[in-house]
Each structure stands twice: as C-alpha cells, then as structure tokens.
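Here's the structure, in structure tokens; my notes come after.
The values are calculated or read from the model by the stated rules, or taken from the named source; none is laboratory data. Because the structure is a prediction, the values reported are computed rather than measured. Every residue, glycine as well, gets a Cβ built from its backbone with ideal geometry; the counts of neighbours run over all protein chains shown.
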Amino acid sequence: MSAVTPPGPPSAPLRVAVVGAGPAGIYAAEALTRQDDVPVAVDLVDRLPTPFGLVRHGIAPDHLKMRAIRETLHRALEHPCVRFVGNVSIGTDVSCAELLEAVDAVIYTYGAALDRRLGIEGEELLGSLAATELVAWYTGHPDADRAKVEAALEGVRDVVVVGVGNVALDVARVLVRTPEELDPTDMPQHVLDVLAAAPVERVTVLGRRGPVQATFTTKELDELGDVAGATVLVDPADLPGEDEPPPPDRLVARNIGVLREFAGNTPEPGRPTVTLRFFGRPVRLAGEDRVTGVEVERTVVDEDGRASGTGDVELVPADLVVRSVGYRGSGLPGLPVDESRGTVPHAAGRVLREGSPAPGEYVAGWIKRGPTGVVGTNKHDARETVAALLEDVAAGVLRPTGGRGDLVELLRARGADPVLLEDWRAIDAAEVALGAERGRARTTLHEWDSLLAAVREAAHRIG
Ligand SMILES: Cc1cc2nc3c(=O)[nH]c(=O)nc-3n(C[C@H](O)[C@H](O)[C@H](O)COP(=O)(O)OP(=O)(O)OC[C@H]3O[C@@H](n4cnc5c(N)ncnc54)[C@H](O)[C@@H]3O)c2cc1C
C-alpha cells in the first residue's frame, strides 16, 4: 500500500473496518461516529455471529449488572454509520492484506484469547483446565470444548485454582454458587445442570506471592464472601500482622481488611469452603489418568515482590486444577506481533511494521496493551487509537477513496456468510425466547448450529 492514497469523491466517507466487536472494537466504532471532522462508514467485523467479545464470553454470568453493559455497547451498533458484520474471521475468510485493500483503514481489536501455561509436569492430565476453557464453557462460547470440561468436572470435590486475580475469583465463585444463585443467569441449561451435579466441597485459590501482591479487586473479594453456598477461609499467618504499618496502596489495604474478616471464619460441617492461600507455587500436578493433587512449594517474597521457592513441598488434594495465570494475544497471519508480550507493536495505536507506522493500520484493546484493565479501560484506549487515525486523515496519510466495492459483497463472493445487525437481533430474540421457557431473561445459545439456525429461521419468516 502506498503512504498516500488517492482521494475519492468529496462526499465519500472514510471506510474503516474494525476487526473484533468486543468492547475495544465497539468503543473505536463509537469514537469514529462521535466526531464531525471526517464522515465515516464503519464495518465492525467479528468471527462470532454475536457481538460484545468477553462481555458475552468472559465476564462471569452471575455478574448480572456488569454484563448489562452490553445494552450500552449495543447502542453503538445501531448507529447508521456502523455495520455489524459477524461470522467472519479475518485471517481465514479474508486476509489482512485483502481487508486493507477493500477499505481505507483497519483497526485491529481482536483481543487476547490464549491462555498462559504453568509449564509444569502433569498439566496435560484429565482434570487440568485453563480458565479460558472453563470460562468459554460456562459462558456458552460456541468453540468451548464441552466434552473436555464436563469430563474434568465430573465428580469433582477438591479444586485448586492457580492464580489470585479476578478471573480466579470468578472461577471459584461460579464453582461454589448454589443452583438458586445461578438460576437467573444466561448460562446454557447444560452448564447449570453440570455445575449443580458437581459435588464441590473445597476450593483452594493459590497465590505464588502474598496477599499484598494479589491482583484481585476488593469488590470481587467482597462478593466471594457473600456467596450463599460456601465459607471463605484465609490462614491469618499469610496476612501482614495487625501491628505492621498498613500497606501504602489503598486498594491493597482494603483487600487486606477483607482478608482479615475471612481469616476470622471457621468451616462449618457439610458446607463447602473456599480457601485463599498465599505463598505457594505449583511445581507438579500429581496423578496417572487424571489429576489427584497439586504439589505446592512454599515460597518467600522479597522486598521487590519476587517469589522464590523454599524447597518445602506439600501435596494438596485436587481432582480439578484450573490455571488462571493470565491471557495472551497472538498474531493474525500477515500482522506483526511481539511474541514476548503477546501484543501488536504500535505507537499510540498506529501499527508498527519494522518500527515504522504502517499507513491505514491501527490497533486497540487487549491486543494493543495486553490483557489488563476493565471494560471501561478500552474506551480511553480506543479513543487514543481513533485520535491517531484522525490525525493521519488531517495529515493526508489517509484519504477516503470510495468505490473499492462493498466489504460484505466481497466476503459473500469469497463464500463467507456474514451475519448482519438484523441477524444478530434474531439470535438475540431467540436467546430471550429460550430463557423465557424457564422464566429467565435470556439463555445463551452455545452452538454454531443453533446460532446460525436462529438467523436462518428469522430470514425464512421475513422472506
Ligand atoms: C474471564 C474474564 C472476566 C472478566 N470480567 C470482567 C468484569 O467483571 N468486569 C470488567 O470490567 N472487565 C472484565 N474483564 C475484562 C474485559 O472483558 C476486557 O477488558 C475486554 O473484553 C477487552 O476487550 P477487547 O475488545 O480488547 O477484547 P475482547 O473482548 O476479547 O474482544 C475481541 C473480539 O475479537 C473477536 N475476534 C477474535 N479474532 C478475530 C478474527 N480473527 N476476526 C474477527 N474477529 C475476531 C472475538 O470474537 C471478540 O469478539 C474480564 C475478562 C475476562 C477474560
């Protein structure tokens, strides 16, 4: 592509494809439509036939208020200058280079969907799952490996969740919630049934370092304490002494306050427990056919917050181990990626190829800055990227070209089957109708076939 593109007719809008309809993609589309300097036409492309990314397939289903953010995100999809184009995978249905040929600019917001591994023996055993696998299953992602997750959950009594971030707490909470607590969620029925049948008695959430270094938020900790079906425990010896000065970080100080309350709890016979355990790192998953335990080495943490092993190893019984030690991004064919960080190299959102900004290519969200921050963090992030794009228009690096053909037509000619906004509305209506059968607001359709059948049935009714 040349650095300066030929201008289109004066009225032609700048045609932008956004790759990924998660929060970052939607906020980027919104930022593009909320400015008056440059007329735009935005195609918001997602490999799933549904929008919202991890708001739909990440945020825990029992976080009803948080998940309701999709109502706000949906408004951006209804803007007349935005077109949702689902069921299209960039890099497979069409290459990055072809996409860039078809539009004036591309903003990559395809997230960071891979899990990080522990790199220890036994990680491949039955009963060892990545949080990404469990979360995909309980949120009804159509690519979830249902057989693997359900085999791992069968008869589970002792669970170890490795990691002390919010996702680890989500996993622990979902596993001990009562069926009554999960009933109002949009989890698929088979998920509710499997969770209700899993006889979980003990969940250990394991942190390599101390409570001061844990990355969970006080809100998530508080919520864990409010779960009806379990008692939360902490060993007081893992906490800073009452006579020590409070941690300078207010978030950490609040967390320690909540952990102290948990340390005062006592287990009750017959009631499941969630133990938040610190200063322990997994060194091996024990078991032959399936996981039977985790060998945990006691650690000490130095002044810089680095953990090192003491050689003191204990076997913690576990028939399910969930590793929740972070997400990471990967490259799309034809797009540069920094393998060590799992992000696309960029300068203020401009994709860098061999160190220089690549005209017309931008990046936002988790694939730009790594898998950190809440949904709202992506708004600021996407705005920065869109500001860079608009600066490039002002500088003449990017110009509306018009007349390169319609992206949806190109995709159809390629044999893809794009799902547009009205099709997504049909899926949405089918999920609401399915939920209503059991008195719920919605039940997630969890299979490609049922998602696409909802689209076809609606088209048939209209036709
Ligand atoms: C388990 C979990 C729980 C979380 N809970 C909370 C919470 O309670 N509160 C909170 O504020 N934040 C939460 N977050 C964080 C929040 O979800 C993220 O900040 C946010 O979703 C990141 O947005 P994104 O758009 O960069 O990526 P994503 O949300 O991952 O969106 C990326 C989109 O790109 C699409 N895509 C991927 N590859 C392609 C391709 N090749 N072609 C086309 N489309 C593609 C995907 O299908 C997806 O829709 C949670 C995250 C996780 C993982």
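Of all the numbered requirements in (1) within 14 Å of the ligand (Cβ to nearest atom); (2) within 25 Å of Asp319 (Cβ to Cβ); (3) modelled with pLDDT of 95 or more; (4) surrounded by fewer than 21 Cβ atoms within 10 Å (Cβ to Cβ), Lys148 misses one, and that requirement is (1). Figure legend. Inter-residue proximity from region 190-201: first residues in contact (Cβ under 8 Å) with a residue 40 or more places away in the chain, second residues basic (Lys, Arg), beta-carbon distance below 6 Å, spacing 6+ or different chains. Indicated pairs: Pro199/Arg157; Glu201/Arg157.
All conditions in (1) in a loop (DSSP other than H, G, I, E, B); (2) surrounded by fewer than 16 Cβ atoms within 10 Å (Cβ to Cβ); (3) not acidic (Asp, Glu) hold for Thr444, with the sole exception of (2).
Looking across region 321-338, the residues that are touching a Ser or Thr at 6+ places or on another chain (Cβ under 6 Å) and either hydrophobic (A, V, I, L, M, F, W, C) or surrounded by fewer than 18 Cβ atoms within 10 Å (Cβ to Cβ) (or both) come down to Val321, Gly334.
Considering Pro400, Pro418, the condition of being buried (at least 19 other Cβ atoms within 10 Å of the Cβ) and modelled with pLDDT under 95 is satisfied by Pro400 alone.
Suppose we filter Val160, Val212 for residues that are surrounded by fewer than 19 Cβ atoms within 10 Å (Cβ to Cβ), of a type outside the set (Ser, Thr, Tyr) and closer than 29 Å to Asp302 by Cβ; which single one remains? Quick ask: steps written out before the conclusion?
Details: Val160 fails: surrounded by fewer than 19 Cβ atoms within 10 Å (Cβ to Cβ).
So the residue among Val160, Val212 that is surrounded by fewer than 19 Cβ atoms within 10 Å (Cβ to Cβ), of a type outside the set (Ser, Thr, Tyr) and closer than 29 Å to Asp302 by Cβ is Val212.
Would you pick out the residues in region 103-145 that are in a helix (DSSP H, G or I) and at pLDDT below 95? If the condition is that a residue be in a helix (DSSP H, G or I) and at pLDDT below 95, then no residue fits. Among the residues making up region 385-404, those that are among the β-branched types (Val, Ile, Thr) and closer than 17 Å to Ser11 by Cβ are Val393, Thr401. The listed residues are Ala97, Ala21, Ala102, and the only one of them that is of a type in the set (Gly, Ala, Ser), under 20 Å from Arg412 (Cα atoms), away from the ligand (no atom under 11 Å from the Cβ) and in contact with a Leu (Cβ under 6 Å, 6 or more places away or on another chain) turns out to be Ala102.
Would region 170-178 turn up any residue that is over 29 Å from Pro371 (Cα atoms), over 22 Å from the mean Cα position of the chain (by Cα), touching a residue at least 60 places away in the same chain (Cβ under 8 Å) and surrounded by fewer than 19 Cβ atoms within 10 Å (Cβ to Cβ)? Scanning region 170-178 turns up no residue that is over 29 Å from Pro371 (Cα atoms), over 22 Å from the mean Cα position of the chain (by Cα), touching a residue at least 60 places away in the same chain (Cβ under 8 Å) and surrounded by fewer than 19 Cβ atoms within 10 Å (Cβ to Cβ).
All of (1) near the ligand (Cβ under 10 Å from one of its atoms); (2) surrounded by fewer than 16 Cβ atoms within 10 Å (Cβ to Cβ); (3) among the hydrophobic types (A, V, I, L, M, F, W, C) hold for Leu114 with one exception: (1). For region 341-361, the count of residues that are among the polar types (S, T, N, Q) and modelled with pLDDT under 95 is zero. Within region 75-88, identify whether any single residue is near the ligand (Cβ under 8 Å from one of its atoms) and under 18 Å from the mean Cα position of the chain (by Cα), and answer yes or no. Within region 75-88 (the criterion being near the ligand (Cβ under 8 Å from one of its atoms) and under 18 Å from the mean Cα position of the chain (by Cα)), the answer is no, since none of the residues qualifies. Restricting region 339-383 to residues that are surrounded by 17 or more Cβ atoms within 10 Å (Cβ to Cβ), free of Cβ contacts under 8 Å to residues at least 40 places away in the same chain and within 17 Å of Gly20 (Cβ to Cβ), the residue that is nearest to the ligand (Cβ to nearest atom) is Arg369. Filtering region 398-410 for residues that are farther than 20 Å from Asp46 by Cα, more than 29 Å from the chain's Cα centre (by Cα) and outside the structural domain of Val85 (by TED's automatic domain parsing) leaves an empty set.
The listed residues are Leu445, Leu452, and the only one of them that is in contact with a Ser or Thr (Cβ under 9 Å, 6 or more places away or on another chain) and closer than 20 Å to Thr139 by Cβ turns out to be Leu445. Of all positions in region 59-66, none carries a residue that is among the acidic types (Asp, Glu) and either within 9 Å of the ligand (Cβ to nearest atom) or at positive phi (or both).
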